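The values are calculated or read from the model by the stated rules, or taken from the named source; none is laboratory data. Just so you know, these numbers come straight off a predicted model, no measurement behind them. FYI the Cβ positions are ideal-geometry reconstructions off the backbone, even for glycines, and counts take in every protein chain you see. Calculation scope for accessible area: heavy atoms of the full protein, side chains included, ligands and nucleic acids excluded. Shrake-Rupley method; radii C 1.70, N 1.55, O 1.52, S 1.80 Å.
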Amino acid sequence: MFKKVLPLSSILFLRFLGLFLVLPVLSVYALDLQGATPFLVGVIVGGYALTQAIFQVPFGSMSDKVGRKPTILFGLLIFLIGSLICAYSTDIYTLMFGRFLQGAGAIGSVVTAMIADLVEEKQRGHAMAIMGGFIAMSFAVAMALGPVLAANFGLSAIFFITAVLAVLAIVVLFVKVPTPPKIKHIYHGKTKTSDILKDPNLLSMIIINAMQKGLMTAAFVIIPIFLTKPEYGFNWEKSDLWMVYVPAMIAGLIAMGPAAVFGEKRNIPKQIFLLSILLFTASFIMMGTTTSSGVFITAVIFFFVAFNMMEPLVQSMISKFAKVHQKGAALGIANSAAYFATFLGGTFAGLYLDMSSRETLGFTIGTISILWLIWTALKMKNPLRYSHLIIPEDEVDFDKLHALESEHVAEWFINETEHVVVIKYASEKLDENDLKAQVIKH
């Protein structure tokens, strides 16, 4: 399974590494370009996410019609062209166009679908976790390398590196990624896509995912600007930005493991999310009010710890709360909302810097985070523990399967490509052997 997932996860790693490398430094370097204002810089920091949100669904539909590999290639070529435009830009508007083009190659949902095509039913959850881990690693590497590369070689060099990463991803696509089979499912029961937004747990997760990503771009607009611009009281050199990002990223990575363990194995994701939101709140208020470099660095550490505690749990929780046949739609809605929030977070922070003070910005985001905390506390519940019983299709009595009634059976479906029936049930309430005996042929 790992051999099938590794090439596609590597493609996402290379693409996201290219997008993330500029995040820690883009706002402060972009301010030096012709025509730059804090508002336009905020648009640029989150600009890739706007086009990501717009093109997620069209790319997914395109992959169903022309195939996964051609669609991924098309997306990577767009990303490559956008990176080169950014690298050669000398004014803020050209850079903005390049950033929008970078995001337009929205292949994330296509890669996710391709992993689902290549990996057997019982291994898909593990495969998605591996993919998420590669994205998290790209973020960690980018936070450590981005400030160092920008200080030594300039912002354009990072975009050239991003273009090279896109080429490497194309090579991996054709050398290592096989052509997947088409998976066909038949699902029991009918539900509408609108039911996703009516589910309070899913709605809470969509909001959590969106808020987390929106705060991320807001932070990457204000952290480098606050630290390097004299009017905000710190007056750091751009080359010293790594001194805040590296310890913060290390602290975030250390926090990620325990958060995943407690959130998943102890089944207390709600408590992890509430703690993370408290840290987000404290982080932005501290960044907006402190005049001490030490306190500001602590605030950035709080931010990274909060972000990394949430990151491994968000996608997993959406998958757990969603019906089996709505996981793709639920993840699509959540990721589109997150991309829009990513764009809005950067734009909002840049606009506020144009119009108001550092203190007002810090308290405003802190207040929004408190409202988010209250919503999560009131609306979200920890998920029930479910297991999946997988039975070969030729062993199943379908009259018994259709008649299966139990409050402890969430749903079932047929994977016609792999010729198996999958039953999702509450393992603490039902015995697997007893459940199997109810539906197999005798």
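Here are the numbers for this structure:
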read-out	value
Qualifying positions in segment 284-319 - of a type in the set (A, V, I, L, M) and more than 28 Å from ILE130 (Cβ to Cβ)	ILE285, MET286, MET287, VAL295, ILE297, ALA299, VAL300
Filter result for ALA329 (open to solvent by 10 Å² or more (accessible area, probe 1.4 Å), within 24 Å of ALA113 (Cβ to Cβ) and in a helix (DSSP H, G or I))	yes
Lone unmet requirement of (1) in contact (Cβ under 8 Å) with a residue 12 or more places away in the chain; (2) in a helix (DSSP H, G or I); (3) closer than 30 Å to LEU33 by Cβ for ALA106	(2)
Odd one out for VAL396, checked against (1) open to solvent by 20 Å² or more (accessible area, probe 1.4 Å); (2) touching a strand residue (DSSP E or B) at 6+ places or on another chain (Cβ under 6 Å); (3) hydrophobic (A, V, I, L, M, F, W, C); (4) without any contact (Cβ under 8 Å) to a residue 60 or more places away in the chain	(1)
Extreme residue, least open to solvent (accessible area, probe 1.4 Å), among residues of segment 148-180 that are hydroxyl-bearing (Ser, Thr, Tyr) and closer than 30 Å to THR90 by Cβ	THR162
Segment 414-442 residues that are touching a residue at least 12 places away in the same chain (Cβ under 8 Å), paired with ones that are polar (S, T, N, Q) and part of a strand (DSSP E or B) (beta carbon under 6 Å, 6 or more apart)	SER427/SER387
Residue match in segment 131-139 (condition: within 24 Å of GLY350 (Cα to Cα) and either in a helix (DSSP H, G or I) or more than 23 Å from the chain's Cα centre (by Cα) (or both))	yes
Any chance PHE20 is within 18 Å of LEU168 (Cβ to Cβ) and surrounded by fewer than 24 Cβ atoms within 10 Å (Cβ to Cβ)	yes
Flag if GLY35 is in contact with a Phe, Trp or Tyr (Cβ under 8 Å, 6 or more places away or on another chain), closer than 24 Å to ALA349 by Cα and surrounded by fewer than 21 Cβ atoms within 10 Å (Cβ to Cβ)	yes
Unmet requirement for GLU407, which otherwise passes all of (1) acidic (Asp, Glu); (2) modelled with pLDDT of 85 or more; (3) open to solvent by 50 Å² or more (accessible area, probe 1.4 Å)	(2)
Scan of segment 288-322 for residues that are among the polar types (S, T, N, Q) and either under 20 Å from the mean Cα position of the chain (by Cα) or open to solvent by less than 30 Å² (accessible area, probe 1.4 Å) (or both), ordered by number	THR290, ASN308, GLN315, SER316, SER319
